[in-house]
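The values are calculated or read from the model by the stated rules, or taken from the named source; none is laboratory data. These figures come from a predicted structure and were not determined experimentally. Glycine also receives a Cβ, built like all others from the backbone with ideal geometry; neighbour counts cover every protein chain displayed. Surface areas here come from the heavy atoms of the whole protein model, side chains and all, with no ligands, DNA or RNA. Shrake-Rupley method; radii C 1.70, N 1.55, O 1.52, S 1.80 Å.
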Amino acid sequence: MGKMKDFIIPFAGLKDGSHEYRFEINRPFFEHFSFSEVKEGKLIANVVLVKRPQMLTFEIILDGEVTLPCDRCGNDYQQPVKGIHHLVVNTNGDAFNDEDDLVSIPSGEHEFDLAQYIYEYIMLGLPARRTCDNARNSTGCDPEVIAKLNELNVAKEEEKEIDPRWEALKNIKFKK
């Protein structure tokens with residue numbers, strides 16, 4: 001996977017201090033990540049870079065939404081994504097170990113690619129359970145699909161017979 005030139009920040013010629021960038025994130029961005037569960041979205045990443053000697057500090061502010069399949073009904077819905085993330089880059093990191101939000105690059109580098117970090121921050125902003133209820137103007141899941149799921153669920157419950165050994169446990173009384 002190559003670099004995405006739109007997300008590369010050439011920091012070598014910048015003066016020390018604060019610099020602002022704005023990135024639009026949409027379908028081509030997500031297509032770049034071949035195993036991405038998100039295929040489409042519209043987000044804005046406002047980035048504030050503070051350059052200091054031997055260190056870059058990024059504040060990445062994400063706002064927008066991505067299209068995800070609902071875990072319950074399978075229909076696509078718009079999942080809002082918002083977040084503020086901080087990334088510190090050591091520009092003299094020849095003998096430095098990376099951590100979560102602390103990255104090092106060799107002293108000869110003159111540019112930094114933010115694409116992978118922005119992608120990871122978007123993924124971190126997604127909920128573990130993805131349902132239509134998470135959408136901004138949610139009308140809920142597809143009623144036809146939910147009705148069919150409920151039909152199948154009731155049918156499974158009717159097939160089950162309760163084991164008499166478990167039935168006896170219901171009669172146990174606990175002292176309080």
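Any residue at all in region 58-67 that is of a type outside the set (S, T, N, Q) and touching a Ser or Thr at 6+ places or on another chain (Cβ under 6 Å)?
Checked region 58-67: no residue is of a type outside the set (S, T, N, Q) and touching a Ser or Thr at 6+ places or on another chain (Cβ under 6 Å).
Could you please find all residues in region 36-61 being part of a strand (DSSP E or B) and of a type in the set (Val, Ile, Thr)?
Answer for region 36-61, where residues must be part of a strand (DSSP E or B) and of a type in the set (Val, Ile, Thr): 44, 47, 48, 50, 57, 60, 61.
The conditions are (1) modelled with pLDDT of 80 or more; (2) exposed (fewer than 13 other Cβ atoms within 10 Å of the Cβ), and residue 98 fails exactly one of them. Which is it?
Status for residue 98: all satisfied but (1).
For region 111-120, state whether one or more residues are within 21 Å of residue 11 (Cα to Cα), in contact (Cβ under 8 Å) with a residue 40 or more places away in the chain and among the acidic types (Asp, Glu).
yes
How about region 19-47: which of its residues are surrounded by 11 or more Cβ atoms within 10 Å (Cβ to Cβ), among the small types (Gly, Ala, Ser) and out of contact with any helix residue (DSSP H, G or I) (no Cβ under 6 Å at 6 or more places or on another chain)?
41
Given the conditions (1) crowded, with 19+ Cβ neighbours inside 10 Å; (2) among the β-branched types (Val, Ile, Thr); (3) more than 15 Å from residue 115 (Cα to Cα), report the number of the one that residue 50 does not fulfil.
(1) is the only condition that residue 50 fails.
How do the pairs read when you match residues in region 56-74 that are over 12 Å from residue 121 (Cβ atoms) with residues anywhere that are of a type in the set (Ser, Thr, Tyr) and part of a strand (DSSP E or B), using Cβ under 7 Å and keeping only pairs 6 or more apart or on different chains?
Hits for this filter: 68/77; 70/77.
Look at region 53-62 and say how many of its residues are surrounded by fewer than 16 Cβ atoms within 10 Å (Cβ to Cβ) and under 12 Å from the mean Cα position of the chain (by Cα).
Within region 53-62, residues that are surrounded by fewer than 16 Cβ atoms within 10 Å (Cβ to Cβ) and under 12 Å from the mean Cα position of the chain (by Cα) number 0.
Just to be sure I understand, how many residues within region 130-145 are exposed (fewer than 10 other Cβ atoms within 10 Å of the Cβ) and assigned to a loop (DSSP other than H, G, I, E, B)?
The total comes to 2.
Name the pairs: first residue in region 126-142 and under 12 Å from residue 75 (Cβ atoms), second residue open to solvent by less than 50 Å² (accessible area, probe 1.4 Å) and assigned to a helix (DSSP H, G or I), Cβ to Cβ under 9 Å, at least 6 apart or on different chains?
138/132; 139/132; 140/132; 140/146; 141/132; 142/132
Name every residue in region 77-95 that is exposed (fewer than 13 other Cβ atoms within 10 Å of the Cβ) and either free of Cβ contacts under 8 Å to residues at least 40 places away in the same chain or not in a strand (DSSP E or B) (or both), in order of residue number.
84, 86, 94, 95
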